[in-house]
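The values are calculated or read from the model by the stated rules, or taken from the named source; none is laboratory data. Keep in mind that this is a model prediction, so the values were computed, not measured. Don't worry about glycine lacking a Cβ; one is built from the backbone with ideal geometry, like all the others, and counts go over all protein chains shown.
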């Protein structure tokens, strides 16, 4: 047996962190500034070469129980240890320098790199000189270069800061020597140096001659030269200046008109501005930021350029207000604080307010004093919300940023602006996520918005395990928490999860909340709670309560009745009127169900996560007469048996490789280029591009995951994407390149077959196995080959199977002699210990309904059929008779025989002729439909 646990690394790290926090099995204590940190030598050595050398050498510390660490602050050590044990790094802004020093000393490369990047991104006029000195002290050349460039670009301002006076002589000299100092005149450079000298004349006056070598003599004013010569210098010392006769870059600037507009000075498809030098008659290009429209530009007396405007509709961040400053050195625009619209007073028209707000109508048409006041104070409404509502009142257009929605909704409720309140509530419904849904529930309850409250309740119930770990869950009031815990449709696999969530809520504020534990226990179903957790509950019970009383309900919650099913996907559907569905098969009972498919999609891709979340992506929609390729992504809602839209992919994809790995979903190929790939992050609902496959692939490819890598197989070759290295590598090609590959991973290897077969093909198909350990493909089953019209690789119960269908009489050679069409079905099981595929003859070992086999054998031969295994909820799926009704329509002459055989085969399918969910089979192409009339005959062989 050869299996791998993809979560093992994370689980081990979490376990070690738990041991550290409890002080268990620790073998060394780090002493830092009087604080003790119990640790494990192995963990420290694994992430720090400093500690590895300390503990594996002959140093005394290698055997000491307590080791004192010098030159590291207590806070920095705590931060680095948290990273070492969790892989998560967090530091407050005022701790950054201390953490970077510690990371450099302890040689924690990741931390020092991230801190340096943070410091680069947060340089400002007040701290850049400090960062320069710090980077120089640590020898971080990249950070040093970034801070030097920042200072040169803002030298006038930086030279006035106290930190500038602390610069050591070598750093000051290197700055003053730079040609691209942004200064109006050489006198500014001289005056900055003199301020530095005057800060400590006693020690620094001796350095004035050295500084003078950085001053460009021919550009210094006569008054400034006199002041320099008048300084008290060491005996016999003479000032010598730089002999450079060219001006610094900033001093060569020329007054130019800048021509702005939507007409373009086009360069690389960007709209840039034109600068004209009237003296030389030359045109220059000023780069403009992407996606800006309706912008304005202003210039200061010191020649600083500022721009304000809105992001264009071509950007994903539509409508954001931007404020930027021009960087003359780089010819780029740098972001500054975005625009806001703070206003204390809003001049308005009473009739406009009254026409759209019953609140104002009552105020102005009643006997209230506000009816005649010139200024009216509105309580409990923020300035931003009032500005948004007034903009709507005067324009009919409603615009608000995501972080303003709650404020706007509160204001709309108070001012009775129904449209705004309704739109804000709708926005919140459509943008619920795991992190905000508890806050929205609390908010909806406070406002009395029953619709929003119900939507957020349903959202939390469908993702209870994840929401219960959010900080906002701990803020729920008792009444809302009880309402949640009493729900039948909580999507959680055990009652223990519900109890633990409630205990976290209690422990968050034990002093006030422990008294509510008996009330919460009435929501728990004690028959489903583990004995250990029951004992914990009893131990927490307040002394005033003699006994805890639990819920009398004995029903399982919705998430506790999930069953592992096989979902079959192919180029064709179960169709009921305008509904599309795919068959779900429960091997434990032999029952079939219907999983509805959204948007009339065909050739889509489906994947499941380890926590049973289903995602569907891409495909071709036949909603219109002209099929359209899709880039939509959907997530399955178990409660409603519906698909909820998520962020669209960057490219439309058809039958792409869709896989889940390490918290992300990957979509590979299936686009026009046949080679691009992208990654979806469910935590932020966002797609990002990843490196493209080196080889252009056909639309017929398949992707599987193994360990930390994604493997892609197609007729053009096989490739492996390493998620840790973020790059593709070529691997060995299959022995026989597949036209329609279908692959699964099993016991650390990849098994792949070519499903592109038809009856007239004399070639036989072998299932090939790829072993990543030796990087080779070989034929499994000692080279056993298979002949079929349709075949599917399926994993079930820890075993690997191939389901095969052969259709006799479906081809011209049989039709000529008048033989009836008949489908034969076979199942082979793989035995890895003997590397053999053996026919399954025992019906009790794997129950397969004849109805499903008929569907697999219907339509064109050679259709690729994939099987995805996922945990589903039977009671939420379509009726089990839907699949049987399908076959009855496809094979009308066999209806009676099919029903009889299904009873004898143990499929569990019963007749339901009155069902409103009749299904008929539909293929996409006319060619597919042309074969339907001839598809009748006797049942295939039962398995």
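For the stretch 446-472, enumerate the residues that are without any contact (Cβ under 8 Å) to a residue 60 or more places away in the chain, assigned to a helix (DSSP H, G or I) and within 29 Å of residue 874 (Cβ to Cβ).
Within the stretch 446-472, the subset without any contact (Cβ under 8 Å) to a residue 60 or more places away in the chain is 446-457, 459-460, 463, 466-472.
Still in the list and also assigned to a helix (DSSP H, G or I): 446-447, 450-457, 459-460, 466-467, 471-472.
454, 455, 456, 457, 459, 460, 466, 467 - these are the residues of the stretch 446-472 that are without any contact (Cβ under 8 Å) to a residue 60 or more places away in the chain, assigned to a helix (DSSP H, G or I) and within 29 Å of residue 874 (Cβ to Cβ).
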Scanning the stretch 27-43 residue by residue, those touching a residue at least 24 places away in the same chain (Cβ under 8 Å) and in a strand (DSSP E or B) turn out to be 28, 29, 30, 31, 32, 35, 36, 37, 39
With (1) more than 29 Å from the chain's Cα centre (by Cα); (2) closer than 30 Å to residue 392 by Cα; (3) assigned to a loop (DSSP other than H, G, I, E, B) as the list, and residue 488 as the residue in question, which single condition is left unmet?
(2)
Could you tell me whether the stretch 372-393 includes any residue that is out of contact with any strand residue (DSSP E or B) (no Cβ under 8 Å at 6 or more places or on another chain), assigned to a helix (DSSP H, G or I), surrounded by fewer than 19 Cβ atoms within 10 Å (Cβ to Cβ) and modelled with pLDDT under 85?
no
How many residues does the stretch 721-730 hold that are under 20 Å from residue 670 (Cβ atoms) and either in a loop (DSSP other than H, G, I, E, B) or free of Cβ contacts under 8 Å to residues at least 12 places away in the same chain (or both)?
1
Whether any residue in the stretch 466-474 is surrounded by 20 or more Cβ atoms within 10 Å (Cβ to Cβ), closer than 20 Å to residue 553 by Cα and touching a helix residue (DSSP H, G or I) at 6+ places or on another chain (Cβ under 7 Å) is what I want to check.
no
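Check the stretch 181-202 and report whether any residue there is surrounded by 12 or more Cβ atoms within 10 Å (Cβ to Cβ), over 20 Å from residue 152 (Cα atoms) and touching a helix residue (DSSP H, G or I) at 6+ places or on another chain (Cβ under 6 Å). Working first, answer last.
Of the residues in the stretch 181-202, the ones surrounded by 12 or more Cβ atoms within 10 Å (Cβ to Cβ) are 181-199, 201.
Add one more test, that the residue is over 20 Å from residue 152 (Cα atoms), and what stays is 198-199, 201.
If we keep only those that are touching a helix residue (DSSP H, G or I) at 6+ places or on another chain (Cβ under 6 Å) too, we end up with 199.
Yes, because at least one residue in the stretch 181-202 is surrounded by 12 or more Cβ atoms within 10 Å (Cβ to Cβ), over 20 Å from residue 152 (Cα atoms) and touching a helix residue (DSSP H, G or I) at 6+ places or on another chain (Cβ under 6 Å).
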Of the residues 478, 447, only one is touching a helix residue (DSSP H, G or I) at 6+ places or on another chain (Cβ under 6 Å) and either under 30 Å from residue 423 (Cβ atoms) or surrounded by 19 or more Cβ atoms within 10 Å (Cβ to Cβ) (or both); which?
447
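What's the total number of residues in the stretch 758-791 that are under 36 Å from the mean Cα position of the chain (by Cα) and at pLDDT 85 or above?
Taking the stretch 758-791 as the starting set, the residues that turn out to be under 36 Å from the mean Cα position of the chain (by Cα) are 767-777, 791.
Within this subset, residues satisfying the condition of being at pLDDT 85 or above are 767-777.
Count: 11.
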Does the stretch 497-518 contain any residue that is free of Cβ contacts under 8 Å to residues at least 40 places away in the same chain, assigned by TED's automatic domain parsing to the domain that holds residue 430, over 30 Å from residue 425 (Cα atoms) and not in a helix (DSSP H, G or I)?
yes
Select from the stretch 634-667 the residues that are free of Cβ contacts under 8 Å to residues at least 60 places away in the same chain and farther than 24 Å from residue 600 by Cβ and list them in ascending order.
659, 660, 663, 664, 666
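Considering only residues that are touching a helix residue (DSSP H, G or I) at 6+ places or on another chain (Cβ under 8 Å) and in a helix (DSSP H, G or I), look in the stretch 430-444 and name the one that is surrounded by the fewest Cβ atoms within 10 Å (Cβ to Cβ). Spell out the reasoning first.
Taking the stretch 430-444 and keeping what is touching a helix residue (DSSP H, G or I) at 6+ places or on another chain (Cβ under 8 Å), we get 431-432, 434-444.
Subsequent filtering for residues that are in a helix (DSSP H, G or I) retains 437-444.
Numbers: 437: 25, 438: 24, 439: 19, 440: 26, 441: 27, 442: 17, 443: 20, 444: 23.
Among those residues, the one meeting the criterion is 442.
Being in contact (Cβ under 8 Å) with a residue 12 or more places away in the chain and in contact with a helix residue (DSSP H, G or I) (Cβ under 9 Å, 6 or more places away or on another chain): is that true of residue 399 here? If you could, list the steps in order and put the result at the bottom.
Working: in contact (Cβ under 8 Å) with a residue 12 or more places away in the chain: yes; in contact with a helix residue (DSSP H, G or I) (Cβ under 9 Å, 6 or more places away or on another chain): yes.
Yes: the conditions hold for residue 399.
This table checks each residue for (1) under 30 Å from residue 476 (Cα atoms); (2) in the same structural domain as residue 475 (by TED's automatic domain parsing); (3) at pLDDT below 85.
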{"site": "347", "(1), (2), (3)": "no, no, no"}
{"site": "354", "(1), (2), (3)": "no, no, yes"}
{"site": "368", "(1), (2), (3)": "no, yes, yes"}
{"site": "406", "(1), (2), (3)": "yes, yes, yes"}
{"site": "434", "(1), (2), (3)": "yes, yes, yes"}
{"site": "438", "(1), (2), (3)": "yes, yes, no"}
{"site": "448", "(1), (2), (3)": "yes, yes, yes"}
Spot the failing condition for residue 773; the list is (1) closer than 19 Å to residue 659 by Cβ; (2) in a loop (DSSP other than H, G, I, E, B); (3) free of Cβ contacts under 8 Å to residues at least 60 places away in the same chain, and only one is missed.
(1)
The stretch 628-656 - residue that is in a loop (DSSP other than H, G, I, E, B) and touching a helix residue (DSSP H, G or I) at 6+ places or on another chain (Cβ under 9 Å) and, of those, surrounded by the fewest Cβ atoms within 10 Å (Cβ to Cβ):
640
Condition check: outside any helix (DSSP H, G or I), at pLDDT 80 or above, out of contact with any helix residue (DSSP H, G or I) (no Cβ under 6 Å at 6 or more places or on another chain) and under 30 Å from residue 284 (Cα atoms). Does residue 266 satisfy that?
no
Residues that are modelled with pLDDT of 60 or more and in contact with a helix residue (DSSP H, G or I) (Cβ under 9 Å, 6 or more places away or on another chain), drawn from the stretch 572-600
580, 581, 583, 584, 585, 586, 589, 590, 591, 592, 593, 594
Going by the conditions given, is residue 51 assigned to a helix (DSSP H, G or I) and more than 26 Å from residue 129 (Cα to Cα)?
yes
If you scan the stretch 606-627, which residues turn out to be part of a loop (DSSP other than H, G, I, E, B), more than 17 Å from the chain's Cα centre (by Cα) and closer than 30 Å to residue 461 by Cα?
612, 618, 619
In the stretch 137-172, what count of residues is obtained for those that are closer than 21 Å to residue 197 by Cα and free of Cβ contacts under 8 Å to residues at least 60 places away in the same chain?
20
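I need the strands (runs of 3 or more DSSP E) fully contained in the stretch 667-715, keeping only those with at least 3 residues that are farther than 30 Å from residue 431 by Cα.
Details: elements: 677-681, 686-690, 701-706, 709-714.
In the stretch 667-715, the matching strands (runs of 3 or more DSSP E) lie at 701-706, 709-714.
Every residue, every condition in (1) out of contact with any helix residue (DSSP H, G or I) (no Cβ under 8 Å at 6 or more places or on another chain); (2) surrounded by fewer than 16 Cβ atoms within 10 Å (Cβ to Cβ); (3) closer than 26 Å to residue 164 by Cα, yes or no:
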{"site": "27", "(1), (2), (3)": "no, yes, no"}
{"site": "70", "(1), (2), (3)": "yes, yes, no"}
{"site": "81", "(1), (2), (3)": "no, no, no"}
{"site": "98", "(1), (2), (3)": "no, no, yes"}
{"site": "112", "(1), (2), (3)": "no, no, yes"}
{"site": "122", "(1), (2), (3)": "no, yes, yes"}
{"site": "131", "(1), (2), (3)": "no, no, yes"}
{"site": "135", "(1), (2), (3)": "no, no, yes"}
Among the residues of the stretch 140-166, which ones are assigned to a helix (DSSP H, G or I), in contact with a helix residue (DSSP H, G or I) (Cβ under 6 Å, 6 or more places away or on another chain) and surrounded by 19 or more Cβ atoms within 10 Å (Cβ to Cβ)?
143, 144, 146, 147, 150, 151, 158, 164
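Identify, from the list 745, 724, 765, the residue that is out of contact with any helix residue (DSSP H, G or I) (no Cβ under 8 Å at 6 or more places or on another chain) and assigned by TED's automatic domain parsing to the domain that holds residue 632. Give the derivation first.
Working: 745 fails: assigned by TED's automatic domain parsing to the domain that holds residue 632; 765 fails: assigned by TED's automatic domain parsing to the domain that holds residue 632.
Result: 724 is the single residue among 745, 724, 765 that is out of contact with any helix residue (DSSP H, G or I) (no Cβ under 8 Å at 6 or more places or on another chain) and assigned by TED's automatic domain parsing to the domain that holds residue 632.
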